[in-house]
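> This is the structure I want to talk about, given as structure tokens.
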């Protein structure tokens with residue numbers, strides 16, 4: 001069956017090396033240099049964003065600072081400043097909203113824009129792209145650049161914006177899509193996960209063209225049920241509309257991760273961190289009137305290589321909360337036995353606590369608030385007004401003391417997650 | 001060689017408000033006047049419910065971050081990155 005040709009005009013706007021260029025905007029001495037963003041006073045810090053001169057030398061996301069220094073002795077590290085990035089993100093979104101109300105915030109530095117109606121009426125997609133670039137430079141700063149992809153769907157728009165980085169504009173017309181898709185390594189295509197890439201690579205298939213040339217039976221033999229979806233994807237089809245974040249379904253999962261400045265083997269320290277992260281999750285649940293009954297806690301050892309953040313050295317366990325809850329105490333109580341029972345072979349660098357299967361209970365509005373939930377609402381309100389964790393339980397007070405030791409007062413400011 | 005210094009000390013600041021824009025001309029810290037040649041980035045943030053503004057500025061000696069508190073109208077020098 002022949003599928004219809006997509007006829008929308010979608011832009012994918014991607015801020016290039018966003019955290020790094022934000023720091024270059026703030027400090028002109030960093031511009032044009034090999035630099036990155038991370039934890040400045042820690043040699044083993046993973047780099048969270050690298051400038052293009054650093055990327056060209058092979059320094060990228062999750063390279064350790066000491067490794068980056070060995071590659072390029074002139075490499076400089078700027079301290080991560082979430083407040084700066086959050087404010088610039090808001091400016092970025094406000095600029096894009098001037099062009100179309102159909103905007104999907106994909107991450108802190110990426111967004112999709114559906115400009116179909118605009119291009120129908122009067123304006124060319126290229127003209128809009130140039131104007132968006134101009135406004136980003138004018139309102140956010142000359143050091144901050146973006147790449148824009150123009151295409152008839154989100155998948156091709158994302159591939160287009162990746163094509164000419166930094167600071168480019170690329171249009172992929174429907175009839176030209178295979179020129180761009182075919183040479184791509186499988187793992188570089190949006191929508192193809194690590195498992196699929198692994199299975200395909202194991203079968204000797206490395207590019208999109210190789211997948212396209214496979215018969216349905218051969219594809220099914222490798223990846224079973226996912227094959228029909230993959231077939232559409234490698235043919236350039238994507239039917240997802242640009243969905244504004246207001247129209248989006250509430251989040252189905254959430255997590256908090258904490259990277260320790262000094263790796264630890266202290267169970268007491270891990271308990272304290274798990275408690276704090278459980279409280280953070282509970283605050284987010286209450287903010288969105290959500291509850292959860294399942295979650296997980298995971299750990300990562302300190303001696304990780306460049307890419308191991310995403311693969312090995314992770315371990316942990318899922319837990320059940322027994323009932324739908326938005327209580328930080330209950331989340332922590334489910335984590336505690338896992339921490340106690342976990343045998344630590346090395347020091348822990350990173351701890352993650354997450355919740356999934358989130359739901360908004362139907363009867364929530366009919367429930368009479370308990371004394372405990374009224375207290376939590378009051379604490380949330382006070383913390384929203386005077387700064388997060390101004391009121392906290394005594395058992396995580398020392399975490400607060402450590403934070404203030406490590407960071408300036410600005411890091412104690414309220415910093416909400418970037419996506420609503 | 002760069003030197004990084006976290007400061008967070010009150011400072012006196014010379015500011016020009018013109019055509020809806022705020023431009024920092026200089027500040028005085030530890031009895032020394034620092035003239036500013038570039039205003040690079042203005043960031044708005046929240047301290048609880050109080051808006052604060054962070055100005056990233058620079059001259060040929062280094063880059064500085066200044067903080068303006070809207071509830072007290074106080075200015076602070078937050079950090080310096082010296083370019084030696």
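> Under a crude label model (7 Å from the Cα following the beta-carbon direction), how far is residue A:215 from residue B:22 in nanometres?
Reported label-point gap for residue A:215 and residue B:22 is 7.0 nm.
> Suppose R0 equals 35 Å. What FRET efficiency, 1/(1 + (r/R0)^6) with r the Cβ-Cβ distance, do residue A:265 and residue A:359 give to the nearest 0.05?
Efficiency at R0 = 35 Å is approximately 0.45.
> Per DSSP helix of 4 or more residues, -39500 (n - 2.57); summed, then divided by the residues of the protein assembly as shown. What does that give at 222 nm, rounded to the nearest 500?
Rounded to the nearest 500, the figure is -9500 deg cm²/dmol.
> Multiply the residue gap between residue B:37 and residue B:12 by 0.36 nm, knock off their C-alpha separation, and tell me the result in nm, one decimal place.
Going from the current span to full extension adds 7.3 nm.
> What nm distance separates the two modelled labels at residue B:44 and residue A:188, each placed 7 Å from Cα along Cα→Cβ?
4.0 nm
> When every alpha-carbon pair in the range A:1-173 is counted, what percent end up more than 18 Å apart?
Result: 61 percent of Cα pairs exceed 18 Å.
> Using the Cα atoms as the points, what is the convex hull volume per residue of the protein assembly as shown in Å³?
190 Å³
> I've got another one for you. When a footprinting reagent is the concern and you count Cβ atoms within 10 Å, what order do B:79, A:175, A:131 take, fewest first?
Ranked by crowding around the Cβ, least crowded first: A:175, A:131, B:79.
> Taking only the alpha-carbon atoms of the range A:141-284, what semi-axes of the equivalent ellipsoid follow from 5 times the gyration tensor eigenvalues under a square root, in whole Å, largest first?
36, 23, 17
> How would you classify chain B from its alpha-carbon gyration tensor, with a ≥ b ≥ c the square roots of the eigenvalues: rounded for a/c under 1.5, else prolate if a/b is greater than b/c, otherwise oblate?
Values: a/c = 1.67, a/b = 1.36, b/c = 1.22.
Prolate is the answer for chain B, as a/c is 1.5 or above and a/b outweighs b/c.
> Give me A:30, A:184 sorted ascending by neighbouring Cβ count inside 10 Å, so fewest comes first. Kindly include the intermediate steps, with their values, before the conclusion.
Details: A:30 22, A:184 18.
Final ranking by Cβ density, sparse to dense: A:184, A:30.
> In nm, what is the difference between 0.36 nm times the number of residues separating residue A:382 and residue A:41 and their Cα-Cα distance?
119.5 nm
> Further question: I need to check one value: relative contact order of the range A:1-173, counting alpha carbon pairs closer than 8 Å and at least 6 residues apart, in percent. Could you put the intermediate results ahead of the total?
Working: 332 pairs, mean separation 51.0, N = 173.
Relative contact order comes out at 29 percent.
> Would you mind ranking A:35, A:140 by Cβ crowding within 10 Å, fewest neighbours first?
A:140, A:35
> Where is the GNM fluctuation largest for chain B (alpha-carbon springs, 10 angstrom cutoff): B:21, B:61, B:47?
B:21
> Taking the Cα centre of each part, how many Å lie between the range A:5-71 and the range A:147-195?
If we compute the Cα centre of each part, the gap is 21 Å.
Any read-out appearing in this document is the output of simple, stated calculations on the displayed coordinates, not a laboratory observation. Quick caveat: nothing in here was measured; it's all calculated off a predicted structure. Quick reminder, even Gly has a Cβ in these numbers, built from the backbone with ideal geometry, and neighbours come from all protein chains shown.
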